[in-house]
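What follows is one structure encoded as structure tokens, with my remarks underneath.
The values are calculated or read from the model by the stated rules, or taken from the named source; none is laboratory data. Since the model is a prediction, treat every value here as computed from it, not as a measurement. We place every Cβ from the backbone using ideal geometry, glycine too, and count neighbours over all the protein chains shown. These accessible areas exclude ligands, DNA and RNA; they are computed on the full protein's heavy atoms, side chains included. Shrake-Rupley method; radii C 1.70, N 1.55, O 1.52, S 1.80 Å.
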Amino acid sequence: MPAKPWSQESWRQYPAQQQPTWPDPADLDRVLKILAGFPPLVFAGEARSLTAKLSDVAAGRAFLLQAGDCAESFDALSADSIRDKLRVILQMAVVLTYSAGVPVVKVGRIAGQFAKPRSSPTEVVQDEALPSFRGHMVNDITFSASARVADANRLLTAYHASASTLNLLRSFTKGGFADLGRVHAWNQEFVASSPAGQRYEELAGGIEAALRFMEACGIASGEHVALHTVDFFTSHEALILPYEEALTRVDSLTGEPYDCSAHMLWVGERTRQLDGAHVEFLRGVRNPLGCKLGPTATAAEVLELCEALNPERVPGRLTLISRMGAERIADVLPGLVAAVRDAGHPVVWACDPMHGNTFTSSTTGHKTRHLEDICAEIDGFFAVHWAESTWPGGIHVELTGDDVTECLGGSEDLSPDDLPMRYETMCDPRLNGRQSLDLAFRVAEKLRV
Ligand code: PEP
Ligand code: CO
């Protein structure tokens with residue numbers, strides 16, 4: 001059967017969920033033309049290199065750590081906040097690599113994660129209904145009529161914000177900051193004082209001793225690029241399709257289209273309709289893709305998504321990100337995993353233990369998540385994969401390097417009363433640096449068995 005024709009605008013013939021109402025279509029067109037003339041943010045070759053790494057994950061030879069903000073903010077683009085997010089991810093990766101002995105593929109929810117799907121198109125406060133906040137790429141979080149109007153100029157700001165974030169990430173990961181000889185320096189003060197932070201110090205001491213041992217044996221670490229630099233990739237939810245279309249470029253080497261807004265793009269739980277615009281757009285770009293799967297996903301639907309998004313069955317092309325909730329995972333995931341395995345689709349299975357475990361604190365009214373629920377979902381994820389003889393390929397988590405109080409539990413046992421102290425997220429509650437490290441040690445233990 002010949003494949004359906006695809007072009008970077010073919011999604012426009014399909015229903016697109018979660019799109020803002022742009023008040024001035026002519027202004028949107030003007031902005032899209034500008035974006036289409038800008039340089040790509042990432043290169044096709046980098047996206048291919050990520051697919052190759054993810055094919056190792058699909059084959060059970062590596063582990064995927066996809067982590068970062070729920071929603072990045074235009075107001076938090078400081079070098080410090082980008083560095084601190086990166087260092088928590090590097091710490092987690094080193095814990096997983098050192099403790100479990102598996103290579104870790106590092107992908108940030110960063111440098112482009114500026115758009116959010118919402119459960120309701122409007123938000124009501126004291127009888128006033130306004131359009132919901134949809135991420136800084138679309139509108140502003142302030143609850144006022146003018147702030148909530150979708151502004152196409154924000155797409156340009158999103159591009160520039162992504163470019164400057166990516167520029168700094170490239171410097172940090174290739175310019176010395178990510179050198180394994182600096183593992184101690186990645187431990188921020190507020191993290192180092194926690195039990196997980198102290199455990200990390202011991203591990204970092206072990207790595208330093210190993211590096212010294214290698215030097216003493218005559219294996220000069222200076223000659224090994226892998227000890228001094230890190231391959232770090234970017235990803236975000238491909239939600240605002242006009243933006244993604246405008247950043248799609250045909251690769252001059254292969255003649256194939258790539259969405260050059262990030263290395264990896266994913267389709268969210270609310271936009272993964274088989275006959276919808278998001279699946280239509282993503283099936284045609286050659287980047288590695290993610291697809292969120294919530295508890296209502298059926299095996300038949302997942303197989304159709306695999307066929308739509310990866311008909312050629314390229315290993316590493318498709319990552320299925322389950323986000324079932326700790327209570328549902330044992331019931332729902334086995335059938336999906338078995339169906340995909342039996343159909344022979346070479347996918348990466350990753351666990352997003354965040355989005356199925358969100359609740360509103362009855363004490364303070366904040367949206368939150370408990371680290372124990374997050375760990376319980378990860379436990380369930382590993383149990384399903386061990387039982388089905390498939391590889392629990394990775395985790396997908398929302399975190400920040402900042403010392404926030406948004407999720408409960410962890411080694412300092414944050415309680416609902418602590419939530420108002422530093423609750424800073426623009427959308428979902430994120431793990432702070434300590435909780436992220438706690439989680440990494442827990443996952444490393446699971447991987448070791
Ligand atoms: C998210 O990853 O921030 C998100 C909205 O997830 P989901 O699509 O799984 O609800
Ligand atoms: Co989120």
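The accessible area of D140, taken with all protein chains in place and a 1.4 Å probe, comes to roughly 40 Å². Considering only L289, A3, L203, the residue lying farthest towards the positive end of the dipole of the chain is A3, judged by Cα position with unit charges set on Cβ. Each Lys and Arg adds +1 at its Cβ and each Asp and Glu adds -1 at its Cβ; summed about the Cα centre, the chain shows a dipole of about 1060 debye. When the pairs K292/K446; K33/K174; K33/K53; K53/K116; K4/K33; K4/K106 are compared against a 30 Å limit on Cα-Cα distance, K33/K174; K33/K53; K4/K106 fall above it. Value of Rg to Rh for the stretch 1-50, rounded to two decimals, is 1.06; Kirkwood radius and Rg both from alpha-carbon coordinates.
Accessible surface calculations at 1.4 Å, restricted to protein heavy atoms, place the chain at 39 Å² per residue. If the segment from A210 to A338 were pulled out straight at 0.36 nm per residue, it would be longer than the present Cα-Cα gap by 42.0 nm. If R0 is 35 Å, the Cβ-Cβ spacing of S146 and A59 corresponds to a FRET efficiency of close to 0.10.
For the stretch 124-268, the Kirkwood hydrodynamic radius comes to 19.5 Å, computed from all pairs of different C-alpha atoms. Using equal-weight Cα scatterers in the Debye expression, the normalised intensity of the chain in log10 at q = 0.06, 0.07 Å⁻¹ is -0.24, -0.33.
Annotation for R442 and K33: the two label points, set 7 Å from Cα along the Cα-Cβ direction, are 5.3 nm apart. Between S362 and R422, the contour length at 0.36 nm per residue exceeds the alpha carbon distance by 19.8 nm.
Could you give log10 I(q)/I(0) at q = 0.12, 0.22 Å⁻¹ for the stretch 341-449, computed by the Debye formula over C-alpha point scatterers of equal weight, without solvent? Treating every Cα as an identical point scatterer, log10 I(q)/I(0) equals -0.44, -1.14.
Pick out, from P20, T234, I395, the residue whose Cα sits farthest towards the positive end of the charge dipole of the chain, with +1 on the Cβ of Lys and Arg and -1 on the Cβ of Asp and Glu. Farthest towards the positive pole: T234. The slack in the chain from L253 to L77, taken as 0.36 nm per residue of separation less the alpha-carbon distance, amounts to 60.0 nm. Taking a ≥ b ≥ c as the square roots of the eigenvalues of the Cα gyration tensor of the stretch 246-369, is the shape rounded (a/c under 1.5), prolate (a/b larger than b/c) or oblate? Oblate. Whole-percent P(r), the stretch 147-228, all Cα pairs, 5 Å bins from 0: 3, 12, 14, 14, 13, 12, 9, 7, 6, 4, 2, 1, 0. FRET efficiency for L227 and E307, Cβ-Cβ distance as r, R0 = 41 Å, nearest 0.05? It comes to 0.50.
Relative contact order of the stretch 228-325: 24 percent, from C-alpha pairs under 8 Å at least 6 residues apart in sequence.
Take every pair of alpha-carbon atoms less than 8 Å apart whose residues are at least six positions apart; their mean separation over the length of the chain yields a relative contact order of 22 percent.
The fraction of accessible area contributed by carbon and sulfur in the chain is 54 percent, rounded to a whole number (1.4 Å probe; ligands and nucleic acids excluded). As a calculated quantity, the FRET efficiency between Q13 and A387 at R0 = 51 Å, using C-beta atoms, amounts to about 0.75. Suppose a student asked you for the relative contact order of the stretch 396-449, using Cα pairs under 8 Å spaced at least 6 residues apart; what percent would you report? Once divided by the residue count of the stretch 396-449, the mean separation gives 42 percent. Relative to the Cα centre, the charge distribution of the stretch 353-449, modelled as +1 at Lys and Arg Cβ and -1 at Asp and Glu Cβ, gives a dipole magnitude of about 240 debye. Surface listing: K174, K33, K106, K367 arranged by accessible area from highest to lowest gives K33, K174, K367, K106, probe 1.4 Å.
Comparing Cα centroids, the stretch 291-340 and the stretch 240-261 end up 25 angstrom apart.
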